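Undergrad: Have a look at the structure that comes next, please.
The values are calculated or read from the model by the stated rules, or taken from the named source; none is laboratory data. In this text, all values refer to a predicted model and were calculated from it rather than measured experimentally. Please note: Cβ atoms are built from the backbone with ideal geometry, for glycine as well, and neighbour counts cover all protein chains shown. Keep in mind that these areas ignore ligands, DNA and RNA; they rest on the heavy atoms of the full protein, side chains included. Shrake-Rupley method; radii C 1.70, N 1.55, O 1.52, S 1.80 Å.
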Amino acid sequence: ARVLLGAALAALVTGGTVVLTGLVVGGRAAASGALAGALLVVLVFGLGAFAVNAVAGVMPEASLVVALLTYVLQVVLMGLVFWALSASGALGTTLDERWLAGTVVAGTVAWLAVQILATSRARIPVYELVVEGRPGGEA
């Protein structure tokens with residue numbers, strides 16, 4: 001949970017920074033696009049990470065398959081959101097598509113960087129040794 005919260009916080013901080021920059025540099029449409037991008041990153045990656053963690057807790061052997069499936073679904077969901085925004089006419093008028101896309105990229109990089117860093121530093125046992133029927137490998 002700490003890893004996911006740290007990654008979400010990094011994406012939100014990055015998104016907040018881009019929103020403020022967009023407001024100053026590009027106006028209301030840029031800030032709205034950046035805000036939509038930041039929320040999209042946190043929502044899509046958060047739901048995906050939650051699903052993978054839930055499955056890994058119940059059936060660890062299925063976690064890789066679920067992680068790959070979740071990745072595909074995240075890409076499809078992002079594409080559907082961009083398509084829906086484009087079809088609704090919001091892109092280019094209410095939301096600046098360049099700031100939206102840039103925030104999605106920046107938020108994704110921030111999310112992944114913090115998640116990789118936190119996961120590599122976490123003390124997560126990969127396997128449990130069993131010697132003479134006693135867990136932990138005590139001899």
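Undergrad: Can you report the number of residues in segment 1-34 which are under 15 Å from residue 100 (Cβ atoms) and either part of a loop (DSSP other than H, G, I, E, B) or open to solvent by 90 Å² or more (accessible area, probe 1.4 Å) (or both)?
TA: 5
Undergrad: Output the number of the condition that residue 97 fails; it satisfies all remaining conditions of (1) of a type outside the set (S, T, N, Q); (2) closer than 19 Å to residue 1 by Cα; (3) at pLDDT 90 or above; (4) open to solvent by 70 Å² or more (accessible area, probe 1.4 Å).
TA: (2)
Let's see how each residue does on (1) touching a residue at least 60 places away in the same chain (Cβ under 8 Å); (2) closer than 30 Å to residue 122 by Cβ; (3) more than 12 Å from the chain's Cα centre (by Cα):
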| site | (1), (2), (3) |
| --- | --- |
| 14 | yes, yes, yes |
| 26 | yes, no, yes |
| 46 | no, yes, no |
| 67 | no, yes, yes |
| 107 | yes, yes, no |
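Undergrad: Ok, one more. Only one of (1) open to solvent by less than 70 Å² (accessible area, probe 1.4 Å); (2) farther than 29 Å from residue 20 by Cα; (3) modelled with pLDDT under 90; (4) of a type outside the set (Asp, Glu) is not met by residue 90, so which one is it?
TA: Status for residue 90: all satisfied but (2).
Undergrad: Can you pull out the residues in segment 82-100 that are in a helix (DSSP H, G or I), aliphatic (A, V, I, L, M) and out of contact with any helix residue (DSSP H, G or I) (no Cβ under 7 Å at 6 or more places or on another chain)?
TA: 84, 85, 87
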